[in-house]
Every structure is written in structure tokens, then in C-alpha cells.
Amino acid sequence: MRLVFAGTPEFAAEHLQALLGGAHQIVAVYTQPDRPAGRGQKLMPSPVKQLALAHGIPVYQPQTLRNAEAQAELAALTPDLMVVVAYGLILPQAVLDIPRLGCINSHASLLPRWRGAAPIQRAIEAGDSLSGVTVMRMEAGLDTGPMLLKATTPISAEDTGGSLHDRLARLGPPAVVEAIEGLAAGTLEGEPQTDADATYAHKLNKDEARLAWGRPAAELERQVRAFFPWPVCHGLLHGEVVKVLAAQVVEGSGVPGEIIASGKHGLTVACGEGALCLTRLQLPGGKPLAFSDLYNSRREFFSPGAVFAQ
């Protein structure tokens, strides 16, 4: 079959890698326009673009797929199937109708549980015990299409947004390859989603990464794991932003945000219910450090009785 692949970040590049050298021809790759990155803010190609160019695959980077010119360009490729993974652009119905077998998507959740932009982090934040990848047929709605295949993985008490992302990036590609073979053979049928079971995974932002100490410690601990490595939870202490990279729930009580213990074991902060022991932190201009290392040099800064701003 003639495949068109659409994706942008590393998660998508893992899927593209699995399709390279397979039985089907990748006639083109679609990815987001190059974006400024790094301190120099130089334009950087996406991981998908870099991989495609390395294998001599034509790359298309339209700002939108809603105009007739972009749609005609895609139609001229005469694709049998379009494989979409974390592309970042909305595909209108006119685009979904172009490939002979339509479009499929690899989505990083067990649909319909988490639809939307941040399913990996929201699953950890909510305390889900299971995650996975769903390969689905695409519709005009957001992650609403019939489900073709699922691959599952448990969420452990140590999982972060980064560790679960990496595991799902390994689960997804074989599922997509299997789905493509099933569609090519005409043996794969889609299972409709139950909309009543759907939850929307809102896009992450830095504002919500500020820890609200009045919440239960168990919720904040999940948030710390979910938001690592981005956008990273943080609190404001003595006017300085303190990034919280790792924490664990412990017993303790006090005014929410109050430091109730400080030592080699970690920095214990009272929450709305229970307390949170912060074990790995990063101060402005500094490197990520175990709290035991910070404690030696900044003992007064972290003295009990000090309170993180609400």
C-alpha cells in the first residue's frame, strides 16, 4: 500500500521508524513547520522530519490542511492509508476522505478513557492503574473514531510522565503495524467508542504546575510524577521558585505549605491532607539535586516554619 505518515514529536518518530523498511511504501511524511528551539531560538526540524529526510522521504509542512491547495497536494499522492501519530494539526473531513482506506491514529490512552492532548500525564495525575495505546480509525471528532487495536501497560507508583511516555512509544509501533496489515487484508473491524466513558485530557500548561498545598498530599504526589519532565511542578518559597522533581506521601500536619521537617531524608511540607516529603529539587540557576545535597548548603532557606506561598 501507499502510506502517508503524519506526526511531529519523538513519540511519532518511533512509529515512523517501525514502518520504514516494511512491506508498504511511505510516499510522503507530513509534520509541523520547523519551530524555534534552544537558547539561540534557531529553527529546528521535528524528530519526524529528521527521520524522514535521513531516509529520503519527501516532507510536507503545511500550516493547515483546511485549504484546497494543501488538500489537492495530499490527494495527488494517491495514498491508500494515512497514519497519524501526534501530528498536531486537525484533519478536516475532506482530508480524512482522501486515502482509499481512510486515516488511522495511534493515541496514547485506552480510549475512550482519555481523549485530547495530554492523555499520558492525565492518566498518572488521576491515579489510573492502567494505560496503553489505542489504534483507531479517525473521524472529524476529537479521538472519537472506532477502535481497531489496543496495547496495555500498568501504571506503577513510580511512573512519571516521561517513563510512561517512553513505554507507550514502544507499545504503539507494533500495534500500528499490526493494524495496517489487518486493514490491508480486510480482516480488521473497528469497535465503536462509548462516549459516556470519555474524559478530556486537557493540554498541560505551566500555570497549573504550581503546587496547591491545600490539596491532599496523595494528589500532589501524582501531579509531581505526571508533570515530570514537563512542565515540572513547583512552589514559591521566600520569593524563589523551587522546582519539585520527586516527592513521596508521608504523615504530618500543619498549615498547608508549611515546612514541618527538614533534613537528610527530605523536605516535609504540610498539605490539605497529610504531608509531602520533597526528595529532589531544583533552585533557580541550579542543577537538579537530591534534597540531602541542598540541605547542606541551604539549611536556613529550608528551615521548619517557613511557608510556601499559596
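See the values below:
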item: Residue identified as closer than 20 Å to residue 222 by Cβ, touching a residue at least 24 places away in the same chain (Cβ under 8 Å) and not acidic (Asp, Glu) among 86, 108, 151, 140; result: 108
item: Any hit, segment 131-154, residues being basic (Lys, Arg) and closer than 28 Å to residue 75 by Cβ; result: yes
item: First in segment 171-185 and buried (at least 19 other Cβ atoms within 10 Å of the Cβ), second anywhere and in a helix (DSSP H, G or I) and of a type in the set (Asp, Glu), Cβ under 6 Å, 6 or more apart; result: 173/14
item: Qualifying residue in segment 234-253 (condition: modelled with pLDDT of 95 or more, under 30 Å from residue 146 (Cα atoms) and not assigned by TED's automatic domain parsing to the domain that holds residue 160); result: no
item: Segment 242-267: number of residues that are of a type in the set (Ser, Thr, Tyr) and in contact (Cβ under 8 Å) with a residue 40 or more places away in the chain; result: 1
item: Test for residue 115: is it farther than 27 Å from residue 21 by Cβ and touching an Asp or Glu at 6+ places or on another chain (Cβ under 7 Å); result: yes
item: Count - residues of segment 186-210 that are surrounded by 12 or more Cβ atoms within 10 Å (Cβ to Cβ) and of a type in the set (Asp, Glu); result: 2
item: Verdict on residue 32 being assigned to a loop (DSSP other than H, G, I, E, B), closer than 24 Å to residue 133 by Cα, in the same structural domain as residue 175 (by TED's automatic domain parsing) and modelled with pLDDT of 95 or more; result: yes
item: Residue, surrounded by the fewest Cβ atoms within 10 Å (Cβ to Cβ), within segment 50-62, restricted to residues that are in contact (Cβ under 8 Å) with a residue 24 or more places away in the chain and part of a helix (DSSP H, G or I); result: 50
item: Members of segment 1-26 found to be of a type in the set (Phe, Trp, Tyr) and under 22 Å from residue 76 (Cα atoms), listed by number; result: 5
item: Breaking point among (1) under 20 Å from residue 115 (Cα atoms); (2) at pLDDT below 95, for residue 199; result: (2)
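The values are calculated or read from the model by the stated rules, or taken from the named source; none is laboratory data. Because the structure is a prediction, the values reported are computed rather than measured. Note that we place each Cβ from the backbone using ideal geometry, even for glycine, and neighbour counts take in every protein chain shown.
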